[in-house]
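S.K.: Below you will find the structure I want to go over with you.
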Amino acid sequence: MRARPDLAARGPAVWMLAVGQTLSYACLYYIFAALILSWEADLHWPRSLLATGPFIAIVISAALAPFAGRLVDLGKGPEAMVAGSVIGAGALVLLATSQSQGAYLLAWAVIGLAQSVTLYETCFAFLIRRLGPHARAAIVRVTLVAGFASTIAFPAGAALSAWIGWRGAVWVAAGVMAFVLVPIFALAGRMLRRVEGEPDQREADKGALSRAMRAGTFWLLALVFALVALNHWMLISYAVPIFVEQGAGEALAVFAASTVGPAQVAGRLVLMRFEARIGTAAATRVTFVAMLAGTAALWLAGLSPWLIFGFTAIQGAAIGVMTILRPVLISEVLGPAGYGAIAGTIQIPALLAGAAAPVVGAFVLDHAHVPGLIALSAGLIGLSSLLAWRLAGQQD
């Protein structure tokens, strides 16, 4: 049996990766939401055009996810994150200097390339390859800190835009990517490589992706993750108008929507507190029951608007825990061989579902209004719960 990786050796490196992921999400992911009002006021471009930028980034990130995973399988996880930080810095410079719509969209395309090798999936794959069955505790700590990325991005974006304009704010983000994240990822990778980790699996990795894709559990996992992403981002994208239609005032609706991020952190704290006692199968069952309860709270908010806080607390906590369970489920269900390529491929439907969620949500709201959206949510979570329960049963 392999010895438990030394906690003293891996602890600082894991916290460094946590800081790196927090800043990466703030600079590459939440920057759109943080600066959208400034862009609309200054550029006077259609909102649909501005929103196309992050959509392009998500699609490119999804397409490149298997390639990023293979880099991790080849032992190049830290190098991939360092390269992504450099690419991200260049993309943000292009965004800060863009004067045309074409340049703006090109910048987002390059941001998508940076996202594919810098964000959670690459980081999680590296931790799983280095720490094996002990990776879940490290992933909990990374996501616990990174849950505050939006908390940093929104006030920082507003303050910097007011002080030096939105272009100056993007220049600051580029500087963070180049001068903070590059050394963080490089040093954290070097430190974790000193910790005893998994033996060389490159022989076992050969053909692992094709073998996994022939297994029904691969497609079952992919479908579960896609349904969860579609449901979550469909609801969160229109949380404020949904809450208002359910009877909440606009100020209360905005405040409630802002509690989703802290609720994610709270869910991860609970998992961290009980991680030694709760197996993956049990945690998966509890998470999906919570998602169903969250949708029920949203429906009942029509009777008492204050129940919107029940929805944000339950849904936020559940999706926060799901972020941790996703890589662990992939590793436990499909095995560690070829994890990077498998995880990168299996997340493609979820990424595309997340990108399509606002469009689906808008269509349902226009034609079936909030009751129709809640009914669709219940159906999505009901189906994904049944599938997840089946997967969890195989892990018992």
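The values are calculated or read from the model by the stated rules, or taken from the named source; none is laboratory data. As the structure is a computational prediction, the values presented were derived from the model and not from experiment. Positions of Cβ are backbone-derived with ideal geometry, glycine not excepted, and every protein chain shown enters the neighbour counts. The area values use the complete protein model at the heavy-atom level, side chains included, leaving out ligands, DNA and RNA. Shrake-Rupley method; radii C 1.70, N 1.55, O 1.52, S 1.80 Å.
S.K.: Starting from the Cα gyration tensor of the chain, take the square roots of the eigenvalues, sort them a ≥ b ≥ c, and report rounded, prolate or oblate (rounded when a/c is under 1.5, otherwise prolate if a/b is larger than b/c, else oblate).
M.R.: Since a/c reaches 1.5 but b/c is at least a/b, the shape of the chain is classed as oblate.
S.K.: Separate question: Can you work out ³J(HN,Hα) from phi for every residue in the stretch 362-375, in order, using Karplus 6.51 cos²θ - 1.76 cosθ + 1.60 and θ = phi - 60°, giving whole Hz and x for Gly and Pro?
M.R.: Computed from phi, the couplings for the stretch 362-375 are 5, 4, 5, 4, 5, 9, 10, 6, 4, x, x, 5, 5, 5 Hz.
S.K.: Ala68: net charge of surrounding residues, Cβ under 14 Å, Lys/Arg +1, Asp/Glu -1, itself excluded?
M.R.: Charge balance near Ala68 sits at 0.
S.K.: Using the alpha carbon gyration tensor of the stretch 132-264, what are the three equivalent-ellipsoid semi-axes (square root of 5 times each eigenvalue), largest first, in whole Å?
M.R.: For the stretch 132-264, the semi-axes come out at 36, 27, 14 Å.
S.K.: At a probe radius of 1.4 Å, what is the per-residue accessible area of Arg70, in Å² to the nearest 10?
M.R.: Estimated to the nearest 10 Å², Arg70 gives 110 Å².
S.K.: With a 1.4 Å probe and all protein chains kept in place, how do Leu300, Leu119 rank by accessible area, largest first?
M.R.: On the way: Leu300 65, Leu119 20 Å².
So the residues, ranked largest to smallest area, are Leu300, Leu119.
S.K.: Right, something else. Measure off, as a whole percent, the carbon and sulfur share of the 1.4 Å-probe accessible area of the chain, all protein chains present. Numbers along the way, then the final one.
M.R.: Details: 11420 of 16220 Å².
Looking at the chain in its full context, I get 70 percent from C and S.
S.K.: Once you have a ≥ b ≥ c as the square roots of the Cα gyration tensor eigenvalues for the stretch 210-290, tell me rounded if a/c is under 1.5, and otherwise prolate or oblate according to whether a/b is larger than b/c.
M.R.: Oblate is the answer for the stretch 210-290, as a/c is 1.5 or above yet b/c matches or exceeds a/b.
S.K.: So, in Å, what gap is there between the alpha-carbon centers of the stretch 334-396 and the stretch 280-327?
M.R.: Measuring centre to centre over Cα atoms gives 14 Å.
S.K.: Here's something else I'd like to know. When only the heavy atoms of the protein chains count and the probe is 1.4 Å, how do Glu245, Glu79 rank by accessible area, highest first? Walk me through the numbers on the way to the answer.
M.R.: Working: Glu245 105, Glu79 80 Å².
Ranked from most to least accessible, the order is Glu245, Glu79.
S.K.: Apply the a/c threshold of 1.5 to the C-alpha gyration tensor of the stretch 71-155 and tell me whether it is rounded, prolate or oblate. Each step should come with its number before you reach the end.
M.R.: On the way: a/c = 3.69, a/b = 1.71, b/c = 2.16.
Oblate, because a/c is 1.5 or more while a/b does not exceed b/c.
S.K.: Work out how much length Thr151 to Trp306 would gain on full extension: take 0.36 nm times their residue separation and subtract the Cα-Cα distance, in nm to one decimal.
M.R.: Result for the pair: 53.5 nm of gain on full extension.
S.K.: Something else now. State the extension gain, in nm to one decimal, for the chain segment bounded by Val286 and Met272, taking 0.36 nm per residue of separation less the distance between their alpha-carbons.
M.R.: The span from Val286 to Met272 would gain 3.6 nm if fully extended.
S.K.: Take the alpha-carbon centre of the stretch 246-277, take the same for the stretch 114-142, and report the distance between them in whole Å.
M.R.: 23
S.K.: Return the calculated 222 nm mean residue ellipticity for the chain, to the nearest 500 deg cm²/dmol, obtained by summing -39500 (n - 2.57) across DSSP H runs with n ≥ 4 and dividing by the residue count.
M.R.: -28000 deg cm²/dmol
S.K.: Would you tally the net charge around Phe185, using a Cβ to Cβ cut-off of less than 13 Å, leaving Phe185 out, and scoring K and R as +1, D and E as -1?
M.R.: Working: positive: Lys76, Arg190, Arg193; negative: Glu79.
Net charge around Phe185: +2.
S.K.: When the chain is fully extended, how far beyond the present Cα-Cα distance does Asp366 get from Trp163, taking 0.36 nm per residue of separation?
M.R.: 69.2 nm
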